[in-house]
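In what follows, a single structure is set out as C-alpha cells and then discussed.
The values are calculated or read from the model by the stated rules, or taken from the named source; none is laboratory data. Keep in mind that this is a model prediction, so the values were computed, not measured. Using ideal geometry, Cβ is built from the backbone for each residue, glycine included, and neighbour counts are taken over all protein chains shown. Just the protein is used for accessible areas: all its heavy atoms, side chains included, with ligands, DNA and RNA removed. Shrake-Rupley method; radii C 1.70, N 1.55, O 1.52, S 1.80 Å.
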Amino acid sequence: MYLIDTNVFIDAKNRYYPFDIVPGFWEWLKSAHLSAKLYTVEAVYDELVGTADELCEWIKKMPRSFTLPAREISAPSLTRLSTWANTSPQYTRAAVFEFLGAADYFLVAHAHTVNATVVTHERAGTGSRNRIKIPDACDAVGVSWMNPFDMLRTEQATFRL
C-alpha cells in the first residue's frame, strides 16, 4: 500500500502529468485506490483543498476512502516519530516544531501504523538542520519510501495514446 505526499500531487499537476495532457495518470491514481493500493492522509488532503484549483476539485471528487483519517494513526507510531525528531541533534528546535505540526509528520506516522510505503519527491539526506525531510523520518522509524516514478514502474502503470 502507498501513501502519497502533497508534493507528488502538486508536481504531477504542475509539471509531469497536467490534467489536460495526461488524464490517464489521474485515472490511474483512482484505479489504484479502488484496488486498495493507494491512499493519502487527512493532513495532505487538507493542504490540497486549501489551494482552490483543479487539484482541489479533483481530490474532492475522489472517494472518501482515499483519505485516511488521522484518528486511525496509532499512538505508538506518533510517539516513536516525535521521539526521534525531538532527540535528533542534527535538527534545530524550529525544524522539529515545524515537522511535528506539518502533514509530513502525520504521513510518516500513518505509514508506520499501517506498514505502507510513502511516495514523495523528497530525497534522503538532502535536508539541512532547518528542515526534516520525509525520507529521513521514514528511515529513522523503519518506513519504506520511494519516488512516484519508482511507484509507477513497480505497479507497471502506463499512459498511452
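Here are a few things to note about the model shown:
- Distances between placed amide hydrogens fall under 5 Å for THR51 paired with no residue 5 or more residues away or on another chain.
- Couplings 3J(HN,Hα) of the stretch 94-99, computed from phi: 5, 5, 5, 4, 5, 4 Hz, in residue order, whole Hz [Karplus 6.51 cos²θ - 1.76 cosθ + 1.60, θ = phi - 60°; x for Gly and Pro].
- The apolar share of the surface of the chain, taken as the fraction of accessible area on carbon and sulfur atoms (1.4 Å probe, ligands and nucleic acids excluded), comes to 51 percent.
- Annotation: amide H-H contacts under 5 Å for TYR2 (H modelled 1.01 Å from N, sequence separation of 5 or more, or interchain): LEU38, TYR39, THR117.
- Per-bin percent of Cα-Cα distances, the stretch 2-44 [5 Å]: 6, 23, 27, 28, 14, 2
- With a Förster radius of 22 Å applied to the beta-carbon distance between VAL114 and PHE149, the computed FRET efficiency rounds to 0.45.
- The charge dipole of the stretch 1-107, taken about its Cα centre with unit charges on the Cβ of Lys, Arg, Asp and Glu (plus for the first two, minus for the last two), comes to roughly 320 debye.
- Cross-link pairs beyond the 20 Å C-alpha cut-off, checked among LYS61/LYS133; LYS30/LYS61; LYS13/LYS61; LYS30/LYS60; LYS60/LYS133: LYS61/LYS133; LYS60/LYS133
- For VAL8, net neighbour charge (Lys/Arg +1, Asp/Glu -1) across residues whose Cβ lies under 14 Å away: -4
- P(r) histogram, all alpha-carbon pairs of the stretch 29-75 included - 5 Å bins from 0, percent: 5, 22, 29, 24, 15, 5, 1
- Antiparallel content of DSSP bridges confined to the chain, in %, to 5: 10 percent
- Put simply, the amide H of LEU68, placed in the peptide plane, has neighbours under 5 Å in THR40, VAL41, GLU42, leaving out anything fewer than 5 places away on its chain.
- Taken over the chain, the convex hull of the Cα atoms encloses 110 Å³ per residue.
- With contacts taken as Cα pairs under 8 Å at a separation of at least 6 residues, the stretch 32-161 carries a relative contact order of 22 percent.
- Heavy-atom accessible area per residue - the chain, 1.4 Å, Å²: 51 Å²
- Each Lys or Arg adds one and each Asp or Glu takes one away; over the other residues whose Cβ falls under 15 Å from the Cβ of LEU38, this sums to 0.
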